[in-house]
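Below is one structure, written out as structure tokens; the observations come after it.
The values are calculated or read from the model by the stated rules, or taken from the named source; none is laboratory data. Note that the structure is a prediction, hence the values are computed from the model and not measured. Every residue, glycine among them, receives a Cβ derived from its backbone with ideal geometry; neighbour counts consider all protein chains shown.
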Amino acid sequence: MRVDLYAALKKYFGFSSFREGQEEVIRDVLQGKDVLGILPTGTGKSLCYQLPSKVMGGTTLVISPLISLMVDQVKQLKSSGFQSVTALNSFMDKEEKQKVMNRLHAFSLVYISPEMLQNQRLQQRLQHMNIKLFVIDEAHCISQWGHEFRTDYLKLDQTIDLLKNPPVLALSATATPEVQQDIMNKLRRPHMKKRIYPMDKQNISLAVEEHLSPEEKTERIIEVLTKNQAPTMIYFSSRQWAEKVSFELRDRLKQRVAFYHGGMEQTDRMLVQQQFMNNQLDVICCTSAFGMGLDKKDIRIVIHFHLPPQLESFIQEIGRAGRDGEDAVSLLLFTRQDHHLPQRLIQSELPEKKDLNRIFSFLQKEREVPEDEDIMERFQLSESQWNFVKFKLEEEGMIRGRWHQKVPSAIQQKIEQSLENRWVYKQNKLTEMMKWIYETDCRRTSLYKPFQEVIRKPHVPCCDACDFKLDELSFCEDYKEYKKSSWEERLSLIFSQGVLL
DNA sequence: CGTCTCTATCCTTGAAGAACGTTCATGCAGCCCGAGT
């Protein structure tokens, strides 16, 4: 198929040139290749499937991890003139869903969650459609969330088969070679065309500091944010701490501070995010719930109050700073005890060997698989722990719906082995993170080395091991600009962004 | 000495009620039946 890509780009999107990587990915996709695209945030990953979808016709299916991401995308596309776009999700009422389902073939872009994709009715519907392209947005979720947390991410390969193997495009902003391989393995597409672009941020200075206690960390944050006033994110691994520190900061800083985590009401979450976007809040104390799909360009400071469980998470989180290309800073604060928290999180995520054995012998006796809640209650398992076991049993064909078999010892051993591997993997990831915080050589080099061969020279002071001194830093954002604007301007800003629900 | 933890989606298999499109499978015990000794 010969297409004038530039004409199409101009016609449908109004741009006259591509950003780095877009054209290469699109050409591969149009040639029907399976593509793994790792493009840095802000390069417009969505264009990589939106343009092909226009050119190829038929339907492009986009797997997306968050309803809010899907809704944003659909809203944005519709406002720029793309009509045949939809997002199937649980927020739709029955009627609307039925309506969309009946004319699903008429949509050129369909956004959907991996969970909903497992719906049998939907699968049957999709089987008889002309699916031209299967896109996985935020594809690192396959590797990062698929194994325990959202195991439906590991079932995508089966669905792709069911759809008679359309070309697959997996997109992400951060993936180590290891994660890239895992994505390809889990999709059972070992020969994807790799389009990998550097992800080291040349405008972020890195600093790590050891402290003696959480209180000392808090004092340090107050010190830094008193001197530097600019949009700031502070990452926590605990909801409680996020709230606690946000109250403390609210009392003692000039800046407007709020917290954000997954335990909050949807409406509160949206409110906080919108306020932060509109510069009505300066500092957000958040857990990892905040960030994916966040498109604020002028975040200047990202602070880590706790240790992320792996370097990938850390890189993703600091990558939210300085998307406008201007100078930004990452500061990680740790104490000698801090590895306990990620350690406990790993434990709560994976079952133990004895849990496995108890489940196996239970299935030996029982006829039916109980409801998820019942089995979790019975064996005192977290959702992730049961998800892990359940998926492994399904993968081996031991469970299908309500039915199950007695698990032969060979398969028991196989599952035990994969559990063991997973423990080792997670443990190693944490160790890698720990090693990095005690690193004495250049932090930039050691941080990005696992991701890419060549690390580019930063445009800003590099890191605290090189030439960066946090105490000499002085961000002083000018908030006047916003405060001056009239209520009409502010209102139109709010309307143009739109709100979910 | 005791502390004590993150991330999201979906309610899918219905069965007597209007609007194209589609249609399928699991494990196992126990029973019946017919063939071979």
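For first residues located in the stretch A:356-369 and assigned to a loop (DSSP other than H, G, I, E, B), partners that are surrounded by 14 or more Cβ atoms within 10 Å (Cβ to Cβ) and lie 6+ apart or on another chain with Cβ distances below 8 Å form the pairs A:Glu366/A:His404; A:Val369/A:Leu363; A:Val369/A:Ile375; A:Val369/A:Ile399; A:Val369/A:His404.
Here A:Ser172 fulfils each of the conditions (1) under 17 Å from the mean Cα position of the chain (by Cα); (2) of a type in the set (Gly, Ala, Ser); (3) within 15 Å of DNA strand B (Cβ to nearest atom) apart from (3).
With respect to the conditions (1) under 30 Å from A:Leu225 (Cβ atoms); (2) more than 9 Å from DNA strand B (Cβ to nearest atom); (3) part of a loop (DSSP other than H, G, I, E, B), A:Glu317 lacks only one, and its number is (3). If you go through the stretch A:14-32 and keep only what is in contact (Cβ under 8 Å) with a residue 40 or more places away in the chain and surrounded by fewer than 17 Cβ atoms within 10 Å (Cβ to Cβ), you end up with A:Glu20, A:Gly32.
A:Leu393 meets the stated requirement of being within 13 Å of DNA strand B (Cβ to nearest atom), farther than 30 Å from A:Cys285 by Cβ and in contact with a helix residue (DSSP H, G or I) (Cβ under 9 Å, 6 or more places away or on another chain). State which residue is nearest to the chain's Cα centre (by Cα) when the search covers only the stretch A:341-355 and only residues that are away from DNA strand B (no atom under 11 Å from the Cβ), in a helix (DSSP H, G or I) and surrounded by fewer than 17 Cβ atoms within 10 Å (Cβ to Cβ). The residue in question is A:Lys353. Restricting attention to the stretch A:74-105, the residues that are over 21 Å from the mean Cα position of the chain (by Cα), near DNA strand B (Cβ under 8 Å from one of its atoms) and among the polar types (S, T, N, Q) add up to 2. The criterion of being closer than 24 Å to A:Gln144 by Cβ, in a loop (DSSP other than H, G, I, E, B) and among the charged types (D, E, K, R) holds for A:Asp338.
Residue by residue through the stretch A:397-449, note down the ones that are within 16 Å of DNA strand B (Cβ to nearest atom) and among the aromatic types (Phe, Trp, Tyr). Of everything in the stretch A:397-449, those that are within 16 Å of DNA strand B (Cβ to nearest atom) and among the aromatic types (Phe, Trp, Tyr) turn out to be A:Trp403, A:Trp423, A:Tyr425. Whether any residue in the stretch A:45-60 is closer than 26 Å to A:Thr151 by Cβ, aliphatic (A, V, I, L, M) and modelled with pLDDT of 95 or more is what I want to check. No, the stretch A:45-60 contains no residue that is closer than 26 Å to A:Thr151 by Cβ, aliphatic (A, V, I, L, M) and modelled with pLDDT of 95 or more. Which one of these does A:Thr151 not meet: (1) within 25 Å of A:Ser313 (Cβ to Cβ); (2) more than 11 Å from DNA strand B (Cβ to nearest atom); (3) of a type outside the set (Lys, Arg)? Only one criterion in (1) within 25 Å of A:Ser313 (Cβ to Cβ); (2) more than 11 Å from DNA strand B (Cβ to nearest atom); (3) of a type outside the set (Lys, Arg) is unmet by A:Thr151, namely (2). Any chance the stretch A:65-81 includes a residue that's touching a helix residue (DSSP H, G or I) at 6+ places or on another chain (Cβ under 6 Å) and either surrounded by 15 or more Cβ atoms within 10 Å (Cβ to Cβ) or in a loop (DSSP other than H, G, I, E, B) (or both)? Yes - at least one qualifying residue is present in the stretch A:65-81. Filtered by the rule that a residue be of a type in the set (A, V, I, L, M, F, W, C) and touching a Cys at 6+ places or on another chain (Cβ under 9 Å), the stretch A:150-190 gives A:Leu169, A:Leu171. Those strands (runs of 3 or more DSSP E) of the stretch A:172-240 in which 1 or more residues are of a type in the set (Ser, Thr, Tyr) occupy A:204-210, A:232-235. Scanning the stretch A:235-252 for residues being out of contact with any Ser or Thr (no Cβ under 8 Å at 6 or more places or on another chain) and either acidic (Asp, Glu) or within 16 Å of DNA strand B (Cβ to nearest atom) (or both) gives a total of 7.
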